[in-house]
Ligand code: AMP
């Protein structure tokens, strides 16, 4: 398939916000793509060359891209800059120059040069090389690759190649829409979506999934099992507010402490890491990424939002090398910092200090981590996901050898509410967050939140509402004293996976310390947007002066969840009306007396509290 054809699809996709339309266009594109192409397409559609969890980025700023455009079109950088200032978008800038339409182009003598027909594989491979290039002199190399590519392609292709290189390709859909489209590609319905999603939860690599479907159909997905090096979407817990409710729901169960640290998924392979033959090239290149050559062990750590955090936690890597007794394994636990002198575990605020990019080894000595392993998902070729909690726990205990870094989470089996409450009280006294109750026959449901795991936290018991993780969507410029901070109030929201939109729950204007306002301003600095994103559903009354990328997650405490017509979380409008608060059929959820608890740099917007959770919490207040 020619890249030019893909560029036409990009154009079509950009022109609609309707999810069904997007799904259909994508399905057409997927039908047209061949084997060996569709996987690459899935990455390119997201402006990438590898799945989201791979830390492969282009790392090109505006200046570099402007130099590449200059080198690819023969214009001086100043001339490119001038057109860019006028257009405000580098993709449109290069399109304009390449089509040699505007006056400055004609004045600069730009002519349309002979263009070559380039297929997507070729473009992908060049983009891949750009993303992969690092180290000294890599900037020049990247500019050269991009410049040469721009030279050879048509204006429309150039536009999208530049948008990809500068990470500005925003087509307004997520992995979930791509899953729908893959189903649509098969039979023009969403009938296969849930089956595709099941496979995706175990292997969230759209490249792999789409290639399997193209080649073998839906049946091929049956063979998708965990793979060392590809993170598995983590199982999540439901919440309940008493020991009695928990026992009523799942009966005799295992109780583990709820450690307040961060979740880590450990991928381990003792043999040299052999990527599957013929897989996407990023997998072949991956060979040396985290291979510990001296003793031939591959170890990768993933956070709950599937970020590769291997380099951040060398102590866990060392512990895994020493303590995992297997050829290959994928296990999970909660990492928590402790004071090496007293052995006392530290609160979350201290643990989170370990999440850093610089001075890693010093900090590791000062604040070492321990990993409380609580699950195992894969062992030596065996997929453990369908096994019961009891069986997995037994395997986990046999897989972790003695050592200081990886400990097995404490566990007690209880069958009465009284026993459960006693353990809960004890955990809270020890400064833990609460407990996790686990259903004994429960399988590991990748990516799902269900009652196989139930969290019971002290905040529920003390009648204070649990905190809510929300996303900062925009802010108003400050008035009065706040003018100094340049921020007056900020709009927060949640991600609604059904609507594929961010919906609002509150605008917060008070309750922050001066330092917190400054922090907020600082964090939003590089996230500002020119216009409100397509996937924000905001009532007219809640418009903001400045919109920001949905990237900053904040933990919010509130007194109560109420219903409000001006917030869009869970709001239902009367059909075909204007979208203002006057046409509300069911009001949305909102927070009463919201206060900022902390910034949650460890969470992704998609990990924010969901609308259905808010709905449940709303129900609990009165239940
Ligand atoms: P929450 O972040 O409040 O939704 O609670 C779920 C989180 O608790 C998981 O993602 C883990 O990071 C953490 N956690 C702490 N201890 C455990 C445990 N024993 N089992 C499972 N998850 C745990």
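Any residue in the stretch 208-231 that is closer than 22 Å to residue 40 by Cα, part of a loop (DSSP other than H, G, I, E, B) and within 14 Å of the ligand (Cβ to nearest atom)? For the stretch 208-231, residues closer than 22 Å to residue 40 by Cα, part of a loop (DSSP other than H, G, I, E, B) and within 14 Å of the ligand (Cβ to nearest atom): present.
None of 16, 73 is modelled with pLDDT under 95 and surrounded by 21 or more Cβ atoms within 10 Å (Cβ to Cβ) except 73. Hey, among 385, 407, 379, 396, which residue is closer than 26 Å to residue 232 by Cα and within 25 Å of the chain's Cα centre (by Cα)? Within the list 385, 407, 379, 396, the selection yields 385. With the structure loaded, tell me whether residue 246 is in contact with a strand residue (DSSP E or B) (Cβ under 7 Å, 6 or more places away or on another chain) and either more than 16 Å from the ligand (Cβ to nearest atom) or part of a helix (DSSP H, G or I) (or both) or whether it fails that test. So residue 246 passes the test. The set of residues in the stretch 213-240 that are under 22 Å from residue 269 (Cα atoms) and more than 18 Å from the chain's Cα centre (by Cα) comprises 223, 224, 225, 226, 227, 228. Please indicate, with yes or no, whether at least one residue in the stretch 436-456 is free of Cβ contacts under 8 Å to residues at least 40 places away in the same chain, outside any strand (DSSP E or B) and either surrounded by fewer than 15 Cβ atoms within 10 Å (Cβ to Cβ) or within 14 Å of the ligand (Cβ to nearest atom) (or both). Within the stretch 436-456 (the criterion being free of Cβ contacts under 8 Å to residues at least 40 places away in the same chain, outside any strand (DSSP E or B) and either surrounded by fewer than 15 Cβ atoms within 10 Å (Cβ to Cβ) or within 14 Å of the ligand (Cβ to nearest atom) (or both)), the answer is no, since none of the residues qualifies. Quick check on my filter: what residues within the stretch 249-266 are modelled with pLDDT of 95 or more and either within 16 Å of the ligand (Cβ to nearest atom) or closer than 28 Å to residue 225 by Cα (or both)? Matches in the stretch 249-266: 250, 253, 254, 255, 256, 263, 264, 265, 266. Scanning the stretch 187-201 for residues that are in a loop (DSSP other than H, G, I, E, B) and under 21 Å from residue 227 (Cα atoms) gives no hits. Looking at 21, 40, which one is within 27 Å of residue 214 (Cα to Cα) and buried (at least 18 other Cβ atoms within 10 Å of the Cβ)? Going through 21, 40 in turn, just one is within 27 Å of residue 214 (Cα to Cα) and buried (at least 18 other Cβ atoms within 10 Å of the Cβ): 40.
The set of residues in the stretch 71-95 that are touching a residue at least 24 places away in the same chain (Cβ under 8 Å) and assigned to a helix (DSSP H, G or I) comprises 71, 72, 73, 79, 90, 91, 92, 93, 94, 95. The set of residues from the stretch 206-243 being surrounded by fewer than 16 Cβ atoms within 10 Å (Cβ to Cβ) and out of contact with any strand residue (DSSP E or B) (no Cβ under 8 Å at 6 or more places or on another chain) comprises 215, 216, 217, 219, 220, 222, 223. Scanning the stretch 46-54 for residues that are more than 23 Å from residue 92 (Cβ to Cβ), crowded, with 20+ Cβ neighbours inside 10 Å and modelled with pLDDT of 95 or more turns up nothing.
When the residues of the stretch 486-495 are filtered to those that are surrounded by 20 or more Cβ atoms within 10 Å (Cβ to Cβ) and farther than 17 Å from residue 541 by Cβ, which remaining residue is modelled with the lowest pLDDT? Only one residue fits best here, namely 487. Of the listed requirements (1) buried (at least 21 other Cβ atoms within 10 Å of the Cβ); (2) at pLDDT below 90, residue 272 misses just one: (1). What number of residues within the stretch 326-383 satisfy the criterion of being within 16 Å of the ligand (Cβ to nearest atom) and touching a helix residue (DSSP H, G or I) at 6+ places or on another chain (Cβ under 7 Å)? Number satisfying all stated conditions: 11. Restricting the stretch 314-325 to residues that are surrounded by 19 or more Cβ atoms within 10 Å (Cβ to Cβ) and touching a helix residue (DSSP H, G or I) at 6+ places or on another chain (Cβ under 7 Å), which is nearest to residue 432 (Cα to Cα)? The qualifying residue nearest to residue 432 (Cα to Cα) is 315. For residue 100, state whether it is more than 25 Å from residue 202 (Cβ to Cβ) and not in a helix (DSSP H, G or I). So residue 100 fits the description; yes.
The values are calculated or read from the model by the stated rules, or taken from the named source; none is laboratory data. Quick caveat: nothing in here was measured; it's all calculated off a predicted structure. No Cβ is skipped: glycine too gets one built from the backbone with ideal geometry, and neighbour counts run over all protein chains shown.
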